[in-house]
Amino acid sequence: MPINLRHPACVRMFLLAIMLCANAAQAGPEWPEINDAGNLPGTAQPVTGNGVVTKINGELQGLPPLPDRGLGGDFQDMYLINIVDPNAFLASTDVLLGGFCEFPSALYLFNIDGFGIVASQGPNPADPAATITGQSTDGSGSMLVAPGLYLLAISGRSSFPLAGPDLDPIFEFTMSGEVSGPDGPGGNDFIEDWSGPGEIGPYSIVLHGVEFLPIPCPADFNNDGKLDFFDVQLFLQAFSNNDPRADLVPDGLFDFFDVLAFLQSFSDGCS
């Protein structure tokens, strides 16, 4: 479906985009949690966009000390991420590494099917920081081997992923600050639930070795299989908000070249 820049409505849209370009500030390739990320593989939030992603920003908003079991709590967030360099992979809420967390945090990495790979609770119960790499340090031998799609979850220290018929913990933390492999009694099964109670507060997970999940058809912003006015409207909104999905070049900037890339994709259509 070609875009007709001679049509008055299209011209107005294009001029609006140019105005947005002039006012858009430079932004880093960060992912803001959209509404509420789920806490299980089937509800994990895909981190979609273009190029490298350096940070995930979100917030847990539950009702502690209640567990997250049918009570409307939000004590864990899970994201679908694209790890491109297993050797360089790192995820952390440590301020010294560029992360942030307002509560004592724990980070968990699962494969695409929900089986545990590595996890960390941080150095002590009073420290909000947690850091995982692709290699366990507890002697379990668990490690991140290949690039691909993985599940990254964050929770408070007191909330654990559970698996198996008895809903046992997937990970056991025997040493302070260790990066644990799935050595708990539920370690051979995929995640099915979480224990309580939980923690709440904002967080920022700094990432290394991770890129956005590519968008199959960049111009189809509402993913309905059609290219129309609604896609243009959503692109302009995303562009105005410095949403990573609108960085179509990608170069970490929101500028005229992203607008041209959108118009080109819109004109080319999606097969």
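The values are calculated or read from the model by the stated rules, or taken from the named source; none is laboratory data. No experiment lies behind these values; they were computed from the predicted model shown. A quick note on method: Cβ atoms are made from the backbone with ideal geometry, for glycine too, and the neighbour counts reach across all protein chains shown.
Per the conditions (1) more than 27 Å from PRO41 (Cα to Cα); (2) touching a Phe, Trp or Tyr at 6+ places or on another chain (Cβ under 7 Å); (3) in contact (Cβ under 8 Å) with a residue 60 or more places away in the chain, the sole criterion not satisfied by SER195 is (1). A search for C-beta distances below 7 Å between a residue of region 136-165 that is within 11 Å of ALA119 (Cα to Cα) and any residue that is in a strand (DSSP E or B) and acidic (Asp, Glu), counting only pairs 6+ apart in sequence or on different chains, returns ALA153/ASP77; ILE154/ASP77. Select from region 242-271 the residues that are among the polar types (S, T, N, Q) and surrounded by 15 or more Cβ atoms within 10 Å (Cβ to Cβ) and write down the one among them that is nearest to GLU33 (Cα to Cα). Within region 242-271, the match that is nearest to GLU33 (Cα to Cα) is ASN242.
Criterion applied to LEU234, LEU260, LEU227 was being of a type in the set (A, V, I, L, M, F, W, C) and either assigned by TED's automatic domain parsing to the domain that holds THR54 or in a loop (DSSP other than H, G, I, E, B) (or both), and the one residue passing it is LEU227. Residues that are surrounded by 22 or more Cβ atoms within 10 Å (Cβ to Cβ) and over 14 Å from the mean Cα position of the chain (by Cα) were ranked within region 189-217; the one that is modelled with the highest pLDDT is ILE191.
Listed here are the residues, each with its yes/no results for (1) among the charged types (D, E, K, R); (2) in the same structural domain as ILE205 (by TED's automatic domain parsing); (3) more than 20 Å from VAL84 (Cα to Cα).
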| position | (1), (2), (3) |
| --- | --- |
| VAL118 | no, yes, no |
| GLY122 | no, yes, yes |
| ALA130 | no, yes, yes |
| ASP138 | yes, yes, yes |
| LEU144 | no, yes, no |
| LEU151 | no, yes, no |
| GLY156 | no, yes, yes |
| SER159 | no, yes, yes |
| GLY164 | no, yes, yes |
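How many residues does region 42-62 hold that are in a loop (DSSP other than H, G, I, E, B) and at pLDDT below 90? It would help to see each step written out before you state the result.
Kept after step one, since they are in a loop (DSSP other than H, G, I, E, B), are these residues of region 42-62: 44, 47, 50-51, 53-54, 61-62.
Next cut, at pLDDT below 90 only: 50-51, 61-62.
Selection size over region 42-62: 4.
Restricting attention to region 96-134 and to residues that are buried (at least 24 other Cβ atoms within 10 Å of the Cβ) and among the hydroxyl-bearing types (Ser, Thr, Tyr), the residue that is nearest to the chain's Cα centre (by Cα) turns out to be TYR108.
Of all residues in region 129-187, those being assigned to a loop (DSSP other than H, G, I, E, B), more than 15 Å from SER105 (Cα to Cα) and among the acidic types (Asp, Glu) number 4.
Would it be correct to say that PRO197 is in the same structural domain as PRO125 (by TED's automatic domain parsing), in a loop (DSSP other than H, G, I, E, B) and over 20 Å from ASP138 (Cα atoms)? Even if it seems obvious, please write down each step before you answer.
Numbers: in the same structural domain as PRO125 (by TED's automatic domain parsing): yes; in a loop (DSSP other than H, G, I, E, B): yes; over 20 Å from ASP138 (Cα atoms): yes.
In short, yes.
Working only within region 69-83, note down all residues that are surrounded by 15 or more Cβ atoms within 10 Å (Cβ to Cβ) and either in a strand (DSSP E or B) or of a type outside the set (Asp, Glu) (or both).
Residues of region 69-83 that are surrounded by 15 or more Cβ atoms within 10 Å (Cβ to Cβ), as a first pass: 73-83.
Result: GLY73, PHE75, GLN76, ASP77, MET78, TYR79, LEU80, ILE81, ASN82, ILE83.
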